[in-house]
Every structure is written in C-alpha cells, then in structure tokens.
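Comments concern the structure below.
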Amino acid sequence: MMFKKSVQKFSGKICEVEIGAGEKAIKLGGENVLPFYGFDGEVGNTAKVGMEISDDLAEWPQLLKDFYKDVCGDPVAWAKHVEEKYAPDFICLKLDSSDPNGQDKPVEECAKVAKAVAEAIKLPLVISGTGTHDKDAKLLEKVAAELDGHNVLLLAAVEDNYKTIAAAGAMAYSHKVGAESAVDINLAKQMNILINQLGVANDKIIDNVGCAAAGYGYEYVVSTLDRIRLAALGQDDKTLQVPIITPVSFETWKVKESIDADAWEDQEGRGIAMEVSTAAGVLTGGSNAVILRHPKSVETIKKFISELA
C-alpha cells in the first residue's frame, strides 16, 4: 500500500505585521502552520534576525565592547556598520542610557539619538527602553513622535504603561507596539486584549512573551511558545494571532557562561553558543523574529532559518 502522508490543518492564522518603510521593510507572521511546517500549509513570512546595539554599554561584556570598539561609542556609526557589514533583517536600538538607575539621560536626548539612527539606515528599527516602566512610557512616547513616518516597533508595552505607549505608538504615529508579558499564555492574551480595547488592531501588535537563556528556565519559555501557537492556530484564538519577537540577546549575554572570562576558556565561543542555542529553540517554538548581538550568531541563525524554510 502506498504511503499517504497526513496533513495537519488549522483553522487559525497569524496576522501579518510590517515594520520599517521602503524597500527594506519586513513582514512578520502570516503563517497557518507550526514553525517551519511547510509540508502542512502556508508558512507565512520567513523568520527574521535582528542585531542589538545600545547607547550605553555598561552592562555589556568586555569582549563585545572590544569587538565593536571602533563604532560602539556612536550609535549612528554602529548602526551603519552593522547594516553594511552583517546585513541583519532589522536593527534593535536599546536606549540603556535612559535608565534611572544608570545615566538617567533625558528622554528628549535619547529620542534624538533614535531619530539620528533611523535617518542614517534603511533597515527597519526596533526601539527598546530599559524595563523601567514609568521612564519607558515617557521615553517611547517621545520616540514615537520623533520617528513619525519610520514605522518602528516600540518594545515594550506592559500593563503599567501600555496605554501611553500604544496610544502614542500605534494610534497617534502609526508605529507598531510590542506587547510584553512574563512567559505565560494567559498574561500574553491579557496584554493583547488590553491593547485591542484601546482600538489597536492585531496588525499593529507584536508579542514579546519573554525569554530565558538556555538552561535558565528555558524549557518553560519554549513550552509557553508552543501553547500560544497551538491556541492561536488550533483553537482559532484571535487574541493570540499576532507575530512574536524574542530579544534573545537581552538574556543570553548576562548569564555566567557568557560573561565569566576566567572560569572557562573561549568566552566568546560560549556566548555565541548560548545565543545560537536559545535562538534556535524559540524559533522552532513559534517566534517570528529574534534579536542577537554577535555577528557569528546572526550568521548561524540566518543559515539555520534558510535551511529549514
């Protein structure tokens, strides 16, 4: 008897969200199958890989500061260098200098840095604050105004500040909003509902459902991604039918395997391995985009996506 391969069909579909402007704009989502399951149906847009830069490297390992030493003092030069040399799909500018526990730079100053970066590159831009919710609300509101017309993604709106960020970002200036939750399907669903209730449609929302470095509660991250995707596709839960972005670098470059230069050999290799392992897992779990720091990680993950696509 001839073998007949079964096909798993889902009633739900992830909506498509675009960030950036012009020929370099990218689209995330659009799939109605599990990640890379092209044999079952429409896989949507290819997963995207972005590179992180920052305006304050106080928390970055010395090896990365040394790696980017010629450009890391100037976010504009750094962004142009990354765009030209490493060809990521997008750039994530993390405005760490705004952190009240650090330099605590005024939001106006940080927003002008973001504008200068946006105007210097053609790649789509993701803007992240520091995780200090009150300051991030003010910061991203100002960034949204300064970057009007650039269609950036603002990371990330949480329950404490989503009204400000979503209203300014998606409604006043037509950017995209990152809805952040803490590795829990119900929290992810709740954040999307809250933002929807403001009048922001799913095609302006990208979820950041949380991340952890491989070996640090990582299996819970992947299982949460699985649950979210199965609910969105299999149960046709429209509140979860949005693309997912995972800022892998925010987590992997602060664990001991990546920052300890003395305990083991090859610190750089360890950091890359942590980034690649984590990124590969979240992509196969359902993330549509990842943010990385090291060029070798970007190269490896882009090849990984290409081979599976």
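The values are calculated or read from the model by the stated rules, or taken from the named source; none is laboratory data. This structure is a prediction, so every number in the text was calculated from the model and none was measured. All Cβ positions, glycine included, derive from the backbone under ideal geometry; neighbour counts span all protein chains shown.
I'd like to check something: does the stretch 178-193 contain any residue that is aliphatic (A, V, I, L, M) and in contact with a Leu (Cβ under 6 Å, 6 or more places away or on another chain)? Scanning the stretch 178-193 turns up no residue that is aliphatic (A, V, I, L, M) and in contact with a Leu (Cβ under 6 Å, 6 or more places away or on another chain). For the stretch 167-179, the set of residues classified as modelled with pLDDT under 95 and either touching a Pro at 6+ places or on another chain (Cβ under 6 Å) or crowded, with 24+ Cβ neighbours inside 10 Å (or both) consists of 169 only.
Scanning the stretch 232-253 for residues that are at negative phi and exposed (fewer than 14 other Cβ atoms within 10 Å of the Cβ) gives a single hit, 235.
Okay, residues lined up against (1) under 24 Å from residue 39 (Cα atoms); (2) touching a helix residue (DSSP H, G or I) at 6+ places or on another chain (Cβ under 8 Å):
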| site | (1), (2) |
| --- | --- |
| 217 | no, no |
| 225 | yes, yes |
| 229 | yes, yes |
| 249 | no, yes |
| 282 | yes, yes |
| 302 | yes, no |
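All conditions in (1) modelled with pLDDT of 95 or more; (2) outside any loop (DSSP other than H, G, I, E, B); (3) under 18 Å from residue 155 (Cα atoms) hold for residue 200, with the sole exception of (2). Among the residues of the stretch 129-141, is any within 19 Å of residue 192 (Cβ to Cβ), out of contact with any Leu (no Cβ under 6 Å at 6 or more places or on another chain) and among the β-branched types (Val, Ile, Thr)? No; the residues of the stretch 129-141 include none that is within 19 Å of residue 192 (Cβ to Cβ), out of contact with any Leu (no Cβ under 6 Å at 6 or more places or on another chain) and among the β-branched types (Val, Ile, Thr).
When residue 28 is tested against (1) touching a residue at least 60 places away in the same chain (Cβ under 8 Å); (2) within 16 Å of residue 236 (Cβ to Cβ); (3) not polar (S, T, N, Q), only condition (2) is not met. Testing residue 210 on (1) surrounded by fewer than 24 Cβ atoms within 10 Å (Cβ to Cβ); (2) assigned to a helix (DSSP H, G or I), one condition comes back false. Which one is that? Exception for residue 210: condition (2).
In the set (1) part of a helix (DSSP H, G or I); (2) closer than 30 Å to residue 58 by Cα; (3) in contact with a Lys or Arg (Cβ under 9 Å, 6 or more places away or on another chain); (4) modelled with pLDDT of 95 or more, residue 228 fails one condition alone, (2). Residues of the stretch 236-292 that are of a type in the set (Gly, Ala, Ser), in a loop (DSSP other than H, G, I, E, B) and touching a residue at least 40 places away in the same chain (Cβ under 8 Å): 261, 286, 287.
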